[in-house]
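Only one structure is covered here, and it is reproduced in the block below.
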Amino acid sequence: MTASSLGRTAKIALLLAAVALPATTLTTSTSASAANSLSMLGADVSTAQRALDLGAKYYDASGTAKDPLDILKGAGVNYVRLRVWNNPASGYNNKAKVLAYAKTVKAKGLKLLVDFHYSDTWADPGKQYKPAAWASHGISALQTDVYNYTYDVCNSLKAQGTTPDSVQIGNEINVGMLWNDGKVVNNDFTNLSLLLKSGYNATKACNSGTQVIIHTADADSDSNARWFYDGIKAKGVSWDITGLSYYCMWHGTLANMGSVVSDMKSRYGKDVIIAETAYPFTTGNADSTANSITSGCSGYALTWAGQGAEFTAVQNTARSAGAIGVFYWEPTWYAVTGNGWDPANISTSGNGWDNMATFDWTGHINPNVKWTS
(Lines give C-alpha, C1' and ligand atoms only; values in the text may rest on other atoms or scores of the structure.)
Protein backbone atom coordinates (compact mmCIF):
# COMPACT_ATOMS: atom_id res chain seq x y z
CA MET A 1 0.00 0.00 0.00
CA THR A 2 1.25 3.45 -0.81
CA ALA A 3 0.39 6.38 1.39
CA SER A 4 0.98 8.95 -1.32
CA SER A 5 -2.10 10.95 -2.16
CA LEU A 6 -1.00 10.93 -5.76
CA GLY A 7 -0.02 7.29 -5.56
CA ARG A 8 -3.37 6.27 -4.16
CA THR A 9 -5.17 8.32 -6.81
CA ALA A 10 -3.20 6.53 -9.48
CA LYS A 11 -3.89 3.23 -7.80
CA ILE A 12 -7.62 3.88 -7.75
CA ALA A 13 -7.53 4.79 -11.43
CA LEU A 14 -5.58 1.64 -12.19
CA LEU A 15 -7.99 -0.57 -10.31
CA LEU A 16 -11.08 1.03 -11.79
CA ALA A 17 -9.63 0.76 -15.27
CA ALA A 18 -8.61 -2.85 -14.85
CA VAL A 19 -11.49 -4.23 -12.83
CA ALA A 20 -15.22 -3.82 -13.06
CA LEU A 21 -16.19 -3.55 -9.43
CA PRO A 22 -19.36 -5.35 -8.40
CA ALA A 23 -22.38 -3.11 -8.72
CA THR A 24 -24.20 -4.77 -5.87
CA THR A 25 -24.69 -3.00 -2.61
CA LEU A 26 -22.13 -3.79 0.07
CA THR A 27 -23.42 -6.63 2.18
CA THR A 28 -22.39 -7.64 5.65
CA SER A 29 -21.59 -11.08 6.93
CA THR A 30 -22.48 -10.73 10.57
CA SER A 31 -22.34 -14.32 11.73
CA ALA A 32 -18.90 -15.72 12.35
CA SER A 33 -18.33 -19.35 11.60
CA ALA A 34 -17.78 -21.41 14.71
CA ALA A 35 -15.64 -23.76 12.62
CA ASN A 36 -12.93 -21.18 12.01
CA SER A 37 -11.09 -18.53 13.96
CA LEU A 38 -8.68 -15.72 13.23
CA SER A 39 -5.27 -16.48 14.73
CA MET A 40 -3.44 -13.58 13.05
CA LEU A 41 -5.03 -10.44 14.52
CA GLY A 42 -2.82 -7.90 12.87
CA ALA A 43 -1.88 -4.25 12.61
CA ASP A 44 0.63 -2.66 10.26
CA VAL A 45 2.23 0.03 12.41
CA SER A 46 5.17 0.89 10.17
CA THR A 47 4.83 4.65 10.75
CA ALA A 48 4.50 4.37 14.54
CA GLN A 49 8.25 4.38 15.11
CA ARG A 50 8.65 7.75 13.38
CA ALA A 51 5.63 9.17 15.22
CA LEU A 52 7.06 8.12 18.58
CA ASP A 53 10.47 9.52 17.65
CA LEU A 54 8.69 12.84 17.03
CA GLY A 55 7.11 12.71 20.47
CA ALA A 56 3.61 11.61 19.48
CA LYS A 57 1.32 10.47 22.27
CA TYR A 58 -1.23 7.67 22.17
CA TYR A 59 -4.16 7.30 24.54
CA ASP A 60 -6.36 4.33 25.37
CA ALA A 61 -10.14 4.42 25.63
CA SER A 62 -9.97 5.81 29.15
CA GLY A 63 -7.66 8.64 28.06
CA THR A 64 -4.51 7.19 29.61
CA ALA A 65 -1.29 7.72 27.68
CA LYS A 66 0.33 4.40 26.76
CA ASP A 67 2.59 2.78 24.22
CA PRO A 68 0.50 2.33 21.05
CA LEU A 69 1.39 -1.35 20.90
CA ASP A 70 -0.01 -1.84 24.39
CA ILE A 71 -3.21 -0.07 23.38
CA LEU A 72 -3.58 -2.18 20.25
CA LYS A 73 -2.79 -5.36 22.17
CA GLY A 74 -5.56 -4.42 24.58
CA ALA A 75 -7.91 -4.13 21.58
CA GLY A 76 -7.03 -7.65 20.49
CA VAL A 77 -3.92 -7.32 18.30
CA ASN A 78 -1.45 -10.20 18.52
CA TYR A 79 0.53 -9.68 15.29
CA VAL A 80 2.47 -6.66 14.01
CA ARG A 81 3.37 -6.03 10.39
CA LEU A 82 6.39 -3.86 9.57
CA ARG A 83 7.41 -2.91 6.05
CA VAL A 84 11.06 -2.74 5.15
CA TRP A 85 12.46 -0.56 2.38
CA ASN A 86 16.00 -1.07 1.13
CA ASN A 87 17.37 2.46 1.40
CA PRO A 88 14.64 5.06 1.97
CA ALA A 89 15.85 8.66 1.99
CA SER A 90 14.41 9.32 5.45
CA GLY A 91 15.73 6.12 7.00
CA TYR A 92 12.16 5.03 7.79
CA ASN A 93 11.75 2.05 7.44
CA ASN A 94 15.13 0.64 6.57
CA LYS A 95 16.69 -2.51 7.99
CA ALA A 96 18.15 -0.76 11.04
CA LYS A 97 14.78 0.83 11.94
CA VAL A 98 12.97 -2.48 11.57
CA LEU A 99 15.55 -4.27 13.70
CA ALA A 100 15.15 -1.67 16.43
CA TYR A 101 11.35 -1.72 16.47
CA ALA A 102 11.20 -5.51 16.20
CA LYS A 103 12.73 -5.65 19.69
CA THR A 104 9.82 -3.62 21.05
CA VAL A 105 7.28 -5.73 19.17
CA LYS A 106 8.65 -9.02 20.43
CA ALA A 107 9.20 -7.75 23.97
CA LYS A 108 5.46 -7.15 24.17
CA GLY A 109 4.70 -10.74 23.22
CA LEU A 110 3.51 -9.87 19.73
CA LYS A 111 4.30 -11.84 16.59
CA LEU A 112 6.13 -10.20 13.69
CA LEU A 113 5.40 -10.06 9.96
CA VAL A 114 8.09 -8.38 7.83
CA ASP A 115 6.77 -6.91 4.58
CA PHE A 116 9.55 -6.77 1.98
CA HIS A 117 8.78 -4.12 -0.64
CA TYR A 118 12.14 -4.61 -2.41
CA SER A 119 12.21 -0.90 -3.11
CA ASP A 120 13.41 2.35 -1.59
CA THR A 121 9.84 3.61 -1.55
CA TRP A 122 6.22 2.48 -1.86
CA ALA A 123 5.45 -0.63 -3.91
CA ASP A 124 1.85 -1.43 -4.90
CA PRO A 125 -0.13 -2.63 -7.96
CA GLY A 126 0.66 0.55 -9.88
CA LYS A 127 4.39 0.76 -9.20
CA GLN A 128 7.20 -1.58 -8.24
CA TYR A 129 10.38 0.48 -8.40
CA LYS A 130 13.72 -1.26 -8.05
CA PRO A 131 15.94 -0.04 -5.22
CA ALA A 132 18.53 2.40 -6.57
CA ALA A 133 21.32 -0.03 -5.73
CA TRP A 134 19.74 -2.65 -8.00
CA ALA A 135 18.62 -0.33 -10.78
CA SER A 136 20.98 -1.65 -13.45
CA HIS A 137 20.63 -5.32 -12.50
CA GLY A 138 19.02 -7.86 -14.79
CA ILE A 139 17.00 -10.88 -13.72
CA SER A 140 20.00 -13.06 -12.86
CA ALA A 141 21.53 -10.45 -10.56
CA LEU A 142 18.12 -9.63 -9.09
CA GLN A 143 17.65 -13.24 -8.02
CA THR A 144 20.86 -12.98 -6.04
CA ASP A 145 19.86 -9.55 -4.72
CA VAL A 146 16.51 -10.81 -3.44
CA TYR A 147 18.07 -13.88 -1.85
CA ASN A 148 20.90 -12.02 -0.14
CA TYR A 149 18.78 -9.11 1.06
CA THR A 150 15.96 -11.30 2.35
CA TYR A 151 18.39 -13.61 4.13
CA ASP A 152 20.34 -10.70 5.61
CA VAL A 153 17.28 -8.96 7.08
CA CYS A 154 15.81 -12.22 8.36
CA ASN A 155 19.09 -13.46 9.80
CA SER A 156 19.83 -10.11 11.45
CA LEU A 157 16.42 -10.26 13.13
CA LYS A 158 17.08 -13.85 14.15
CA ALA A 159 20.50 -12.98 15.58
CA GLN A 160 18.99 -10.42 17.95
CA GLY A 161 16.29 -12.82 19.12
CA THR A 162 13.43 -11.38 17.05
CA THR A 163 13.05 -13.99 14.30
CA PRO A 164 10.14 -13.03 12.04
CA ASP A 165 7.13 -15.30 12.34
CA SER A 166 6.22 -14.54 8.75
CA VAL A 167 7.46 -12.50 5.79
CA GLN A 168 5.94 -11.14 2.61
CA ILE A 169 7.96 -11.61 -0.54
CA GLY A 170 6.79 -8.40 -2.19
CA ASN A 171 3.91 -6.02 -1.50
CA GLU A 172 0.71 -6.07 -3.60
CA ILE A 173 2.51 -7.68 -6.52
CA ASN A 174 -0.56 -8.05 -8.76
CA VAL A 175 1.53 -8.03 -11.93
CA GLY A 176 4.97 -8.68 -10.49
CA MET A 177 7.73 -6.84 -8.63
CA LEU A 178 11.10 -5.23 -9.35
CA TRP A 179 9.83 -3.87 -12.65
CA ASN A 180 10.43 -4.21 -15.44
CA ASP A 181 12.49 -7.38 -15.07
CA GLY A 182 10.07 -9.01 -12.65
CA LYS A 183 6.88 -7.74 -14.28
CA VAL A 184 4.41 -10.26 -15.71
CA VAL A 185 4.07 -9.45 -19.42
CA ASN A 186 1.97 -11.49 -21.86
CA ASN A 187 1.08 -13.94 -19.08
CA ASP A 188 4.75 -14.90 -18.66
CA PHE A 189 5.45 -15.56 -14.98
CA THR A 190 8.99 -16.85 -15.54
CA ASN A 191 10.98 -13.93 -14.14
CA LEU A 192 8.61 -13.25 -11.28
CA SER A 193 8.72 -16.91 -10.29
CA LEU A 194 12.51 -16.81 -10.12
CA LEU A 195 12.39 -13.83 -7.75
CA LEU A 196 9.71 -15.38 -5.56
CA LYS A 197 11.67 -18.60 -5.32
CA SER A 198 14.76 -16.64 -4.26
CA GLY A 199 12.80 -14.91 -1.49
CA TYR A 200 11.17 -18.15 -0.34
CA ASN A 201 14.46 -20.07 -0.28
CA ALA A 202 16.26 -17.29 1.59
CA THR A 203 13.53 -17.15 4.22
CA LYS A 204 13.55 -20.90 4.80
CA ALA A 205 17.37 -20.94 4.91
CA CYS A 206 17.19 -18.32 7.63
CA ASN A 207 14.44 -20.04 9.61
CA SER A 208 12.39 -22.95 8.30
CA GLY A 209 9.47 -22.08 10.58
CA THR A 210 8.99 -18.57 9.20
CA GLN A 211 5.91 -18.55 7.00
CA VAL A 212 6.12 -17.02 3.54
CA ILE A 213 3.20 -14.88 2.36
CA ILE A 214 2.64 -13.88 -1.25
CA HIS A 215 0.48 -10.78 -1.30
CA THR A 216 -1.71 -9.26 -3.99
CA ALA A 217 -4.53 -6.71 -3.90
CA ASP A 218 -6.83 -9.19 -5.61
CA ALA A 219 -9.63 -9.57 -3.05
CA ASP A 220 -11.88 -7.84 -5.58
CA SER A 221 -11.61 -10.40 -8.37
CA ASP A 222 -11.49 -14.17 -8.24
CA SER A 223 -10.48 -14.31 -11.89
CA ASN A 224 -7.54 -11.96 -11.28
CA ALA A 225 -6.50 -13.86 -8.17
CA ARG A 226 -6.66 -17.19 -10.00
CA TRP A 227 -4.68 -15.76 -12.90
CA PHE A 228 -1.90 -14.67 -10.56
CA TYR A 229 -1.68 -17.62 -8.17
CA ASP A 230 -2.25 -20.18 -10.94
CA GLY A 231 0.55 -18.45 -12.82
CA ILE A 232 3.12 -18.70 -10.06
CA LYS A 233 2.01 -22.21 -9.07
CA ALA A 234 2.53 -23.42 -12.63
CA LYS A 235 6.13 -22.19 -12.37
CA GLY A 236 6.75 -24.15 -9.18
CA VAL A 237 6.65 -21.27 -6.71
CA SER A 238 6.13 -22.29 -3.09
CA TRP A 239 4.37 -20.21 -0.47
CA ASP A 240 2.64 -20.82 2.86
CA ILE A 241 -0.06 -18.15 3.10
CA THR A 242 -2.02 -16.28 0.44
CA GLY A 243 -2.34 -12.58 1.32
CA LEU A 244 -5.02 -10.28 -0.13
CA SER A 245 -5.73 -6.57 0.31
CA TYR A 246 -9.35 -5.54 0.86
CA TYR A 247 -10.60 -1.96 0.97
CA CYS A 248 -14.35 -1.90 0.32
CA MET A 249 -14.28 1.40 -1.55
CA TRP A 250 -11.81 -0.09 -4.05
CA HIS A 251 -12.47 -3.83 -3.91
CA GLY A 252 -16.25 -4.13 -3.80
CA THR A 253 -18.62 -6.05 -1.59
CA LEU A 254 -17.86 -8.05 1.49
CA ALA A 255 -19.71 -10.98 -0.03
CA ASN A 256 -17.42 -10.92 -3.06
CA MET A 257 -14.33 -10.72 -0.86
CA GLY A 258 -15.54 -13.72 1.11
CA SER A 259 -16.03 -15.67 -2.11
CA VAL A 260 -12.48 -14.90 -3.23
CA VAL A 261 -11.03 -15.89 0.16
CA SER A 262 -12.95 -19.16 0.14
CA ASP A 263 -11.85 -19.99 -3.39
CA MET A 264 -8.20 -19.18 -2.68
CA LYS A 265 -8.20 -21.47 0.34
CA SER A 266 -9.81 -24.39 -1.45
CA ARG A 267 -8.00 -23.96 -4.76
CA TYR A 268 -4.47 -23.89 -3.37
CA GLY A 269 -4.87 -25.64 -0.03
CA LYS A 270 -3.14 -22.79 1.78
CA ASP A 271 -4.16 -20.48 4.58
CA VAL A 272 -5.44 -17.05 3.56
CA ILE A 273 -5.22 -13.67 5.27
CA ILE A 274 -6.50 -10.20 4.56
CA ALA A 275 -3.09 -8.55 4.70
CA GLU A 276 -4.50 -5.01 4.54
CA THR A 277 -7.80 -3.32 5.27
CA ALA A 278 -8.96 0.02 6.69
CA TYR A 279 -11.96 2.34 6.80
CA PRO A 280 -12.40 6.11 7.35
CA PHE A 281 -13.87 7.53 10.56
CA THR A 282 -14.39 11.00 9.05
CA THR A 283 -14.35 12.96 5.81
CA GLY A 284 -12.40 15.66 7.61
CA ASN A 285 -8.75 16.34 6.94
CA ALA A 286 -6.15 17.13 9.59
CA ASP A 287 -3.39 18.64 7.45
CA SER A 288 -2.57 20.26 4.12
CA THR A 289 -2.26 16.91 2.35
CA ALA A 290 -5.52 15.68 0.85
CA ASN A 291 -7.02 12.52 2.25
CA SER A 292 -6.33 9.46 0.14
CA ILE A 293 -9.85 8.14 0.73
CA THR A 294 -12.81 10.48 1.01
CA SER A 295 -15.78 8.12 0.75
CA GLY A 296 -17.04 5.03 2.49
CA CYS A 297 -19.27 2.08 1.64
CA SER A 298 -22.99 1.47 1.89
CA GLY A 299 -24.16 0.67 5.39
CA TYR A 300 -21.18 2.14 7.23
CA ALA A 301 -21.09 5.77 8.27
CA LEU A 302 -17.83 7.70 8.25
CA THR A 303 -17.82 7.88 12.03
CA TRP A 304 -16.05 6.07 14.85
CA ALA A 305 -19.01 3.72 15.13
CA GLY A 306 -19.00 3.14 11.37
CA GLN A 307 -15.27 2.46 11.28
CA GLY A 308 -15.62 -0.08 14.06
CA ALA A 309 -18.63 -1.77 12.47
CA GLU A 310 -16.99 -2.05 9.05
CA PHE A 311 -13.81 -3.57 10.49
CA THR A 312 -15.89 -6.05 12.47
CA ALA A 313 -17.76 -6.98 9.27
CA VAL A 314 -14.48 -7.52 7.41
CA GLN A 315 -13.24 -9.83 10.16
CA ASN A 316 -16.53 -11.73 10.29
CA THR A 317 -16.63 -12.18 6.53
CA ALA A 318 -13.00 -13.29 6.31
CA ARG A 319 -13.42 -15.67 9.23
CA SER A 320 -16.58 -17.22 7.80
CA ALA A 321 -14.83 -17.70 4.45
CA GLY A 322 -11.99 -19.60 6.12
CA ALA A 323 -9.29 -16.93 6.50
CA ILE A 324 -6.93 -17.14 9.46
CA GLY A 325 -6.03 -13.46 9.79
CA VAL A 326 -6.91 -9.82 9.17
CA PHE A 327 -4.47 -6.89 9.35
CA TYR A 328 -5.55 -3.27 9.74
CA TRP A 329 -3.28 -1.02 7.70
CA GLU A 330 -1.61 1.82 9.62
CA PRO A 331 -4.03 2.29 12.56
CA THR A 332 -1.43 4.42 14.39
CA TRP A 333 -0.76 6.85 11.53
CA TYR A 334 -2.66 9.83 12.88
CA ALA A 335 -1.90 13.47 12.11
CA VAL A 336 1.61 13.93 13.51
CA THR A 337 3.51 16.81 11.92
CA GLY A 338 6.72 15.51 10.37
CA ASN A 339 5.46 11.99 9.74
CA GLY A 340 4.53 12.40 6.09
CA TRP A 341 3.99 9.86 3.33
CA ASP A 342 7.05 10.67 1.22
CA PRO A 343 10.26 9.03 2.47
CA ALA A 344 12.23 11.61 0.47
CA ASN A 345 10.36 14.46 2.18
CA ILE A 346 9.00 12.92 5.35
CA SER A 347 9.09 16.13 7.40
CA THR A 348 6.76 18.26 5.27
CA SER A 349 4.87 15.95 2.90
CA GLY A 350 1.84 15.43 5.15
CA ASN A 351 -0.37 12.43 5.78
CA GLY A 352 -3.23 11.33 3.54
CA TRP A 353 -4.26 8.61 6.01
CA ASP A 354 -5.19 10.72 9.04
CA ASN A 355 -8.90 9.93 8.59
CA MET A 356 -8.24 6.18 8.25
CA ALA A 357 -6.23 5.58 11.42
CA THR A 358 -7.92 4.08 14.48
CA PHE A 359 -6.51 6.91 16.58
CA ASP A 360 -7.99 10.38 16.17
CA TRP A 361 -6.01 13.55 15.50
CA THR A 362 -5.10 13.91 19.17
CA GLY A 363 -3.96 10.30 19.48
CA HIS A 364 -7.02 8.78 21.19
CA ILE A 365 -8.05 5.26 20.20
CA ASN A 366 -11.42 4.50 18.64
CA PRO A 367 -13.01 2.26 21.30
CA ASN A 368 -15.25 0.66 18.67
CA VAL A 369 -12.37 -0.98 16.80
CA LYS A 370 -11.66 -4.47 18.12
CA TRP A 371 -9.71 -7.41 16.76
CA THR A 372 -11.55 -10.65 17.49
CA SER A 373 -10.53 -14.25 16.96
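Quick look at the values:
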quantity	calculated
Global form of the chain, assessed from the alpha-carbon gyration tensor, a/c cut-off 1.5	rounded
Whichever lysines have a C-alpha closer than 21 Å to that of Lys204, once near sequence neighbours (fewer than 8 apart) are set aside	Lys95, Lys106, Lys111, Lys158, Lys233, Lys235, Lys270
Cut-off 13 Å between beta-carbons: net charge of the residues surrounding Ala56, Lys and Arg +1, Asp and Glu -1	-1
Highest average packing first - 358-369, 309-320, Cβ atoms within 10 Å	309-320, 358-369
Whole-number accessible area per residue in Å² for the chain, which is evaluated in the context of all protein chains at 1.4 Å	34 Å²
Environment charge of Asn86, counting only residues whose C-beta is closer than 14 Å and scoring Lys/Arg +1, Asp/Glu -1	0
Protein accessible area in the chain, 1.4 Å probe - carbon and sulfur %	50 percent
Selected from His117, His137, His251 as most flexible by GNM, with the chain as the system and alpha-carbon contacts under 10 Å	His137
Residue-count net charge about Leu69 - beta-carbon cut-off 15 Å; Lys, Arg +1, Asp, Glu -1	+3
Vicinal HN-Hα couplings computed from phi for the range 106-111 (Karplus, 6.51 cos²θ - 1.76 cosθ + 1.60; Hz; Gly/Pro x)	5, 5, 8, x, 9, 7
Selected from Leu196, Leu254, Leu54 as most flexible by GNM, with the chain as the system and alpha-carbon contacts under 10 Å	Leu54
Helical contribution to [θ] at 222 nm, DSSP H n ≥ 4, -39,500 (n - 2.57), averaged over the chain, rounded to 500	-11000 deg cm²/dmol
Value of relative contact order over the range 319-367, rounded to a whole percent, pairs C-alpha under 8 Å and six or more apart	33 percent
His137 paired with Asp230, simple spin-label distance in nm, labels 7 Å along Cα-to-beta-carbon	3.2 nm
DSSP bridge pairs, the range 31-156: antiparallel proportion in percent, nearest 5	20 percent
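The values are calculated or read from the model by the stated rules, or taken from the named source; none is laboratory data. The structure displayed is predicted, hence computed values, not measured ones. As a convention, Cβ positions derive from the backbone with ideal geometry for all residues, glycine included, and neighbour counts pool all protein chains shown. Note: accessible area is taken over every heavy atom of the protein model, side chains too, but ligands, DNA and RNA are not part of it. Shrake-Rupley method; radii C 1.70, N 1.55, O 1.52, S 1.80 Å.
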